Each structure stands twice: as structure tokens, then as C-alpha cells.
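The values are calculated or read from the model by the stated rules, or taken from the named source; none is laboratory data. On a predicted model such as this, the values are computed, not experimentally measured, just so you know. Neighbour counts are summed over all protein chains in view; Cβ atoms, including those assigned to glycine, are modelled from backbone coordinates with ideal geometry. Remember, those area values only see protein heavy atoms, side chains included, never the ligands or the DNA or RNA. Shrake-Rupley method; radii C 1.70, N 1.55, O 1.52, S 1.80 Å.
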Amino acid sequence: MSRNEELFAEAQRVMPGGVSSPVRAYGSVGGTPPTIVSGRGARVHDADDREYVDMVSAWGAQILGHADPRVVSAIQERAALGTVFGAPAIEETRLAERILSALPGAERVRFVSTGTEACMSALRLARGVTGRDLVVKFAGNYHGHSDALLSSAGSGALTLGTPDSPGVPASWAACTLTATYNDLDGVRALFDRYDGEIAAVIVEPVVGNMGCIPPDAGFLAGLREITSASGALLVIDEVMTGFRVASGGAQVRFGVQPDLTCLAKVIGGGMPVGAYVGPAAIMDQVAPAGPVYQAGTLSGNPISMAAGIATLDALVEDGVYEGLERTGAAVEQLLVASAAAADVPVRVQRVGSMLTVFFTDPEQPLRSLEDVKATRTDLFPIWHRALLAEGVHWPPSAYEAAFLTAAHGASELDVLARAATLAFHAVASSTSG
Ligand code: KE4
């Protein structure tokens, strides 16, 4: 028995599924998940001292690379002064100022500890300021595990094949209307049917949670127009895309200004964080400035704030986003080439440094959950297992995106090219038999 297997067996004796978050258990790809004991730059090491090129990057939270010295020293220095006090901290203000400087129209930030909290709180605020109950989300989009949003969720729940979770009261799920991503007519139909009752539309501006699905040209602008006309809020969930696909996020890349933005992952530099952001007219309705209640013991804790400040400061250095774009394009190109060499039909969909390999017709754009479900997700586990065996740590689900960091360089791309070639041949062999 390998050390990974020993450790996972121990974990399963004390934690449901042996994990703290479902997708990590490798349920949809099979095999024993490697217990990752360390990381540096673009590489991680498991409990059997095997090295991998990391394409999970903590599900997007790592963007500079693991154990970045700037982030580690910021955490160490701050921790030496004490970790959390439950009182105002200078670093909260300084990180909030950096976030606001990158998001057009944003004037206030409220920090929380996860992306789930950010999305849940933003929707409570939207309901509070509009006095309306209904929320529109999109099939295949995931906004965390708060009860009302676990309907056709696109991350773990979809991967586990149970889009709706037991334990969510029907009455709560009934307040969430589900539309098809990239289908503005469908959204208009919902607003026609429920106009005056819809508090908000919440959307992943680039979907990562059913694999990487970019917005059609005009889709986000269309949502902006529909919500503005109805008095509903446009809530853009940038937990994954925030400060990843551009400085600020997808709203800057695609030029759409939401009423509220949800953030997490990158803004915490790998430490627990979330935030919801918007104009003062809306955000000052949040307690204690206004009546909409939300609170959190570790919200804005100095350690997460210090890690976030170090990360955002590093990201504004010259050329970081251009470098991420170049590396993303190079990875896309090597994946397309190695799939073609193995004669395996594959479409790679990418925005910046987030991407997904879909086993389907390369020429057929994937625009919605239905499109993704029609791909050969059955081939993904074969590909994933072969990649892992060849030293690449890839997200263990066909319904997720892979993430690059600023630390991914030529040597990592060499490893990835070699591993992908072998993995696509493994898929070809499995389909030829
Ligand atoms: P957290 O509560 O996991 O911090 O954030 C929830 C969330 C909200 N919105 C978007 C767009 C997200 O992608 C997420 C979380 N992303 C998943 C990856 N698909 C986290 C990985 C996991 O669930 O373990």
C-alpha cells in the first residue's frame, strides 16, 4: 500500500469521503487522490514524494505559484504579530482599496471567508434592496453551497451527478430560477413571466464549473440590459475569474459593469477569503451601515488580508497578465497538437489562464450545460489517470477548469506536452479496442 493510500484510508475513517470538499475525493475519475504535502511554484509533491506539474492551482486560488516568497513572508510577518483579533485591522482597508481601484464603479467591499459566503450574502443584499424574492442563475454555474443555490449547480454537485442536494427545502429552491447559459431569450422569458419579482441575476462571467465556457459576445451586455430594465441587480460571480482573467476580472475583460461582484480565491493569496463589492448606494445597506444583516468572526482577518495584498501587489507588476495569457495560449496549442497527433477529437476552451479539455468535435463551440453533457465525459477519467501517472496534477473532473500560475514555464509545458501525448494515446487505445 502506498503512503497516499494509507493516508487516504486514515482520512476516510474520520472525514466523510476522506476529504473536506467532495471533488478532491477523485469520485468521478477513480483511484486514490494523492495527498499533497508541499508545493513550490508550478509543482507539487505528494506523500509518496512524487512530483507533479500542478494544473489545479488550488482551484484557481493560486495565481503566482505555490509558496511564492512574497506571499509567504507577508503571512509570516503578519502572523508573528498575532493572527486574529476580531477588531478592525489596517490590512482590511488596504486590501479593500486595491480591489476598488481595479473594479469600475465599485465603492465598498465587505470581506467574508469563502466564495459561498460572498455569493449568499450578495443575493441577500439584492433581495434586501429590491424587496423581491426570486433569483435567476444558470444551469452549470456554481456559486457555492448555500441552500437556495444548490439547484443545477455546476461544480461538485454536477460531478457527483446529484445537481439538487437533499436537505434543501423545496420552498427555498423555488426562489431560484434556472436559465440556460448564453441564452438571452430564455432570460427574457423568465423576466416576462416573473417581471417585478426577480431580485437579481447571478452569473459566472466565464464559467469554470461546467468546464470553461466563455460568454457569447453580447451575453453579459444583454444581462446588464435586461436587469437594468427590470430593476433587478446584476450579480457577477468572479470568485474564479476575479483578478485571474484580467486585473479586476472578467467584468474588465468584457467591459460590463455589474451591480455587485463576488470575489474569493486570488484576492486571498491562498488564504481563506471572500468578498462582495459594489457601489455605496447598494453596499451601504449592509449592517451596520444599513439593515441587511451579515457577519463573520474571521471576516477580514489580518493573515488573509496580508496574503491578498501581497498577491495583488505582485499581479500589478509589469507583464504578469501578459505572461499568463502567453502561457495559456501555449498550453492550449500543445494540448490541441497532442490530441490531433493521437487522432482524438478534442476541443480546448480557454480564457486567459483557465481552460478545459473537452472530448468532442474540435469545431463545435460548447455554450451551455447541455452542450457539455453531450461530450465524451466518459473518456476523461482515462485521460486524467494517464496524466497523473506521467506527473501532471489535473483537476479530477470533466466539469472543472484547469488553472495556470505565473510560475508555469517552459519546463512545466515540456512535462505537460509529454504527458498529454501519452494520455491522448491511452484514450485512443481505449476507443479503438
Ligand atoms: P468557496 O465557498 O468554495 O470558496 O467558493 C464557492 C464558489 C463560488 N463561485 C464560483 C464561481 C466558484 O468556482 C466557487 C468554488 N469553486 C470550486 C471549484 N469549482 C471550489 C473547489 C471545491 O468545491 O472544492
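The figures follow:
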{"item": "Length-normalised contact order of the chain in % [C-alpha pairs under 8 Å, at least 6 apart]", "result": "22 percent"}
{"item": "Residue 48 paired with residue 432, simple spin-label distance in nm, labels 7 Å along Cα-to-beta-carbon", "result": "2.7 nm"}
{"item": "Computed Kirkwood radius, in angstrom, where 1/r is averaged over Cα pairs of the chain", "result": "22.1 Å"}
{"item": "GluC sites (Glu not before Pro) lying in DSSP loop within the range 358-433, provided at most 11 other Cβ fall within 10 Å", "result": "363"}
{"item": "Loop trypsin sites (Lys or Arg not before Pro), the range 323-387, which have at most 14 other Cβ atoms in a 10 Å radius of their Cβ (DSSP)", "result": "none"}
{"item": "Alpha-carbon radius of gyration plus Dmax, which is the widest Cα pair, for the range 69-315 in Å", "result": "17.5, 56"}
{"item": "Length-normalised contact order of the range 69-315 in % [C-alpha pairs under 8 Å, at least 6 apart]", "result": "30 percent"}
{"item": "Bridge type composition, the chain - antiparallel percent by DSSP, nearest 5", "result": "60 percent"}
{"item": "The range 1-34: GluC sites (Glu not before Pro) falling in loop per DSSP and having at most 10 other Cβ within 10 Å", "result": "none"}
{"item": "Theoretical FRET efficiency, 1/(1+(r/R0)^6), r = Cβ-Cβ of residue 67 and residue 107, R0 25 Å, to 0.05", "result": "0.10"}
{"item": "In range of the label at residue 343: residues from the range 388-432 whose backbone nitrogen is under 15 Å from the point 7 Å along Cα→Cβ", "result": "424-432"}
{"item": "Percentage relative contact order, the range 78-223, counting C-alpha pairs under 8 Å, at least six apart", "result": "22 percent"}
{"item": "Set of the range 73-95 residues, backbone N closer than 15 Å to the point 7 Å along the Cα-Cβ line of residue 320", "result": "73-75, 95"}
{"item": "Stretchable slack from residue 83 to residue 38, in nm (0.36 nm times residue separation minus alpha-carbon distance)", "result": "14.0 nm"}
{"item": "Against the rule of thumb 2.2 N^0.38 Å, how large the Cα Rg of the range 391-433 comes out", "result": "1.36"}
{"item": "Average accessible area per residue (Å²) across the chain - probe 1.4 Å, nucleic acids and ligands excluded", "result": "40 Å²"}
{"item": "Sites residue 257 and residue 193, calculated FRET efficiency, Cβ-Cβ separation with R0 22 Å, nearest 0.05", "result": "0.25"}
{"item": "Principal semi-axes in Å for the range 313-415 [√(5λ), Cα gyration tensor, largest first]", "result": "24, 16, 13"}
{"item": "Rounded to 5, the percent of DSSP beta bridges in the range 69-315 classed as antiparallel", "result": "40 percent"}
